[in-house]
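Taking it in order: structure first as C-alpha cells, then the write-up.
The values are calculated or read from the model by the stated rules, or taken from the named source; none is laboratory data. Quantities reported herein were computed from a predicted structural model and do not represent experimental measurements. Using ideal geometry, Cβ is built from the backbone for each residue, glycine included, and neighbour counts are taken over all protein chains shown. Accessible surface is based on the protein model in full, side chains and every heavy atom, while ligands, DNA and RNA are left aside. Shrake-Rupley method; radii C 1.70, N 1.55, O 1.52, S 1.80 Å.
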Protein chains: 4
Amino acid sequence: MDSDVRADEDGSRRSLYRRVAGSNLGRLAALDDGVFAIVLTLLVLDLRVPVEELAHHEQPLWQPGAFAAESELWHALGEVGPSLLAYLMSFLTLGMFYVGAQGLLDQLDRCDRHFTWLNLTFLLGVSLLPFSTALLAKFMTFRLAIAVYWINLLLLGLLLLACLRYARKARLFDAERTDAFQRAFERRIIIPQCLYVVAFAVSAINTYVSIALFVLLQLNSAIAPNIRPLNRF
Amino acid sequence: MDSDVRADEDGSRRSLYRRVAGSNLGRLAALDDGVFAIVLTLLVLDLRVPVEELAHHEQPLWQPGAFAAESELWHALGEVGPSLLAYLMSFLTLGMFYVGAQGLLDQLDRCDRHFTWLNLTFLLGVSLLPFSTALLAKFMTFRLAIAVYWINLLLLGLLLLACLRYARKARLFDAERTDAFQRAFERRIIIPQCLYVVAFAVSAINTYVSIALFVLLQLNSAIAPNIRPLNRF
Amino acid sequence: MDSDVRADEDGSRRSLYRRVAGSNLGRLAALDDGVFAIVLTLLVLDLRVPVEELAHHEQPLWQPGAFAAESELWHALGEVGPSLLAYLMSFLTLGMFYVGAQGLLDQLDRCDRHFTWLNLTFLLGVSLLPFSTALLAKFMTFRLAIAVYWINLLLLGLLLLACLRYARKARLFDAERTDAFQRAFERRIIIPQCLYVVAFAVSAINTYVSIALFVLLQLNSAIAPNIRPLNRF
Amino acid sequence: MDSDVRADEDGSRRSLYRRVAGSNLGRLAALDDGVFAIVLTLLVLDLRVPVEELAHHEQPLWQPGAFAAESELWHALGEVGPSLLAYLMSFLTLGMFYVGAQGLLDQLDRCDRHFTWLNLTFLLGVSLLPFSTALLAKFMTFRLAIAVYWINLLLLGLLLLACLRYARKARLFDAERTDAFQRAFERRIIIPQCLYVVAFAVSAINTYVSIALFVLLQLNSAIAPNIRPLNRF
C-alpha cells in the first residue's frame, strides 16, 4: 500500500486510485448532457390532460367529434394552462444552468475526482427539478411550494459556484483563462441568486406575483436583451 | 465589471460570460441525441395493452393458455391497433426532425449562446411530442387533438427555421457552405409545413382522412422515393 | 430548385438536402447508445414488487421488522421471480443486438440519409422490447405473448439485416473490409433467427420450454463458449 | 465458414465476427454514461409527496395558501424525509461506482466482446438500483429490504471486479499501466465490500444503525477526507 502512496509525484500523498479515478472531463460532460436531456424531457412528461372522464364520449368511427365533446376536451386542455407556467419556468431554469455548466466545463482543461463528485451533486440538484416543479404546478398558491422551488434554485446556484471555486482552487482551469473569466462566471451565478431571494420574499405577499418575477428573471437570462445596465451581468 | 465588457474584441460590448457560454457545438449535439433517444423510447412506452382484466385467466403453470383466454388477449392487442397509427406518425415526425436538426448542426462550424437557447427551445418542442401523440391516440376523432398535434409540428418547423435563420445571420455556418445549401434546408422545412396546413384543414371534414394525409406526408419524407417531381424538395 | 438538383456530382439527381442530411455516423452512434441505455434501464424499471398491501405492517421506528411481516415481504419478492426470467431474456436480447449494431456501425466509414432512417427504424424495434417483455412477463403461458416477443426478435433481425445489406449496396463500408466480414455479420443475424423459429414453434407444445429455449439461445450468443461447432457462427 | 475461422491471425480460432463485434471502447463509455444519467435521474423521480388529498384545499386564485393548508403540505413533505436517506445513499453508491467504472475504462486502451458483455451485466446491476432503493425506502425496518440492497451492492462490486480481472487477463490495459494500478483498483472495490458485510450484519440488531453505517461508508468514499489511515485505500 505505502508504495502506491509514495509514488505520488506532487507530494500530496494521495493514493494511486484517487489520482486516476474521475479524471475524464469528456465522460463527465456526457453524463451532464444525459441528465439534462432526461430532465428536459421529464418536465414535459408530467403534463397530462385530465381526459379519462372524456373517453366515453368517443365518436363513431368515421365522424369528427361532436361539438359538445370537443368543447369539453378544450376545457380539459385549458386546465393544464396554469401549470404550463411552472414548466416553462423550469425549462428556462434548466437552460440557464445547462448553459452555465457547459460553459464551466469548457473552460477546464482537466478534471479530478473531487470535481467529479461536486458535479455529480450538481446533477442530483438538477434531477430534483421535476419534483419541485410538479409540487409548484400543483400548489401554486402555497408559499411552501415556492420555498421548495427556490431552495432547489439556491442549491443549483451554490453547487455550480462550489464547482467553479473548487476548479479554481485545484487549478483545473485552462491556463489561458484569466481571473476575469472566473469572476465573470461567478457574477453570473451570484447576481441572479440575489434576485431570486427578492422574488421569493414577494411570495409572502402574493404567490402569483412571486412566480411571475421568477419567470421574468429567467427569461431575462435566456433572451439576454441588449439593455446596457442588464448587459453587464 | 466594465473592464470585462470593454475587453470584447468585436466591439459588440457583450459581457465576457456571454461570449464563452453555450459555445460548444459537440455538447449541444450530444444533448440533441439524448432528447431524441428518450422521446423515441417514450413514444412506444405509452403503448400499453389493457390486460389487467385478463390477469385472473392465468393458466396453471405447465399448460399453454387455453384458447378462450388467448382470443381475449388477441382482442386486447387489437384495441392497441388504432393508436399504433398515431405512434407510427410520431416516429416518422421524430425521424424527420432528427435528420433535419442533425444536418443543420453538421453544417455549422461554431455555436453561440443564442443558438444554444434556440436549439433548447426546439428540444422543448420535441419533448412535447409524446404529449400530443398520446392526446391524438386517445381522441382520434377530435379535431382539437389533431389541432394540438399540428401546432406541435408547426412549432417544430418554426423553431428549426429560427435556428437556421439565426445561424445564417450570426455567421455560424461553415465557410464553404453556399447560400444554395441554406436555401435547400429552408425549403425542406417550409414545403412540408405548407402541406401540413392542407392535411390539418381536411380534419374539418374527416379526422381519419386528415391523419392518413399526415402519415403519407411523413412517409414520403422518410422514404424519399425517386419520383422526379417529389425529388426536388 | 433545378440548379440544386443539377449540382449533384454523381449524376444521381438527388437534391442537395438529401446528400447532406443524416450523414453523421458519430451522431447516429450516440443516438443508438442513448436508446439502448434507456431500454436497458426501463426493462428493470417495470419490475415492481406488489408491496402496497404490506405497507400497514410497517414497524415502530426503532425496531427491525417482525418475522411475520418479513416472511410476507419475502413471499411478495418471490412472486417477482418468474417475470425475472423474461427480463433476463430481454437483457440478453438487448446486449446481443447492441453488440451487433455497434459492430456494424464500426465497420462503416460513412453514412447517408437512407441508412439513418433504416437505423432509426431498428431503434424503434429496440424501443418496442420493454412492451413485448412486459407482455410476456405477465402472460408467460400465452402463446400469443410468445408470438409477439418472437415477432419483435424477428423484426430486430430483419432491420439489422436491412441496415447491413443497404450499407453494402450503398458502399458505406470501410474500403478494407472484405466480403468475408459482411458475410460473417450476415450469418450472425440469420442463424440465430432460424433457431428462434424453432424455439417459437415449440410454444405450440409448451410455452415454458419455448421460453427456456429462447433464453439458452441468447445465453449462448452472450457467453460465446469455445465449443468448436458453435464457434463457427 | 471455415475460411473465416482460419483467417484469424493470433491462432485462437475465434470467428471473424467475434473479433470485430463489441470492440469500440468509446461507444461502451457512452452507454455507461447514458445508463448512469438515467438511473441518477430516476432515483429522484420516485420521490413523490403524498399530496393528492391536499388538492381540494386549493386557495382562491389571488390569495396565498391559508396557514392551515400550508402546515398540512409541510407535514406531507416531512413524510418524504426518511426515504430521502435511502435516495441519498443510492446517489452516493451510484457516484462511487460511476467514478470507479469511469476510472477503469480510462485505463483500457482497447475492448473486446467479452468485456462489453461483462460491462453490460454491470450496467444491468446499476439499473437494478432504483428497484432496491425504492424497496428500502418503503421498508426501512425490514431486514429483507436491507439484504436486497446489500446484494445489489455486492453484485455491483463483483461485476466491476470481474470487468477488471478480465481486462487484466485479456491484456486490454494500457501498456504503461503497472500492476500497482490494477492492485489499487482492486483494493478500492474489495475493502468497501468487506465493510458492507459488517454494515449488513448490524441489520440483524437494528436496521436503522445498519443503514446509517452504509451511508457513512459511502460518504467516506465520496468525500475521501485526508485522514492518513483512510487515505490509503
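Odds and ends about this structure:
- Matching residues, region C:114-129, being open to solvent by less than 10 Å² (accessible area, probe 1.4 Å) and more than 22 Å from C:M89 (Cα to Cα): C:F115, C:T116, C:N119, C:L120
- Residues considered: B:D33, B:D109. Of these, the only one that is open to solvent by less than 10 Å² (accessible area, probe 1.4 Å) and either within 7 Å of chain C (Cβ to nearest Cβ) or modelled with pLDDT of 70 or more (or both) is B:D33.
- Hits in region D:201-230 (condition: open to solvent by 50 Å² or more (accessible area, probe 1.4 Å), assigned to a helix (DSSP H, G or I) and at pLDDT 85 or above): D:A201, D:V209, D:L213, D:L216, D:L219
- Among the residues listed as B:Y87, B:Y98, B:Y166, the single one being within 14 Å of chain C (Cβ to nearest Cβ), of a type in the set (S, T, Y), out of contact with any Pro (no Cβ under 6 Å at 6 or more places or on another chain) and open to solvent by 20 Å² or more (accessible area, probe 1.4 Å): B:Y87
- Conditions (1) farther than 13 Å from A:L118 by Cβ; (2) away from chain D (no Cβ under 11 Å): number failed by A:F139: (2)
- Residue within region B:106-122 that is free of Cβ contacts under 8 Å to residues at least 60 places away in the same chain, within 16 Å of B:P192 (Cβ to Cβ) and β-branched (V, I, T) present: no
Matching residues to (1) at pLDDT below 75; (2) assigned to a loop (DSSP other than H, G, I, E, B); (3) open to solvent by 50 Å² or more (accessible area, probe 1.4 Å):
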residue: C:R19; (1), (2), (3): yes, no, yes
residue: C:G22; (1), (2), (3): yes, yes, no
residue: C:I38; (1), (2), (3): no, no, no
residue: C:V44; (1), (2), (3): no, no, no
residue: C:H56; (1), (2), (3): yes, no, yes
residue: C:W62; (1), (2), (3): yes, yes, yes
residue: C:E79; (1), (2), (3): yes, no, yes
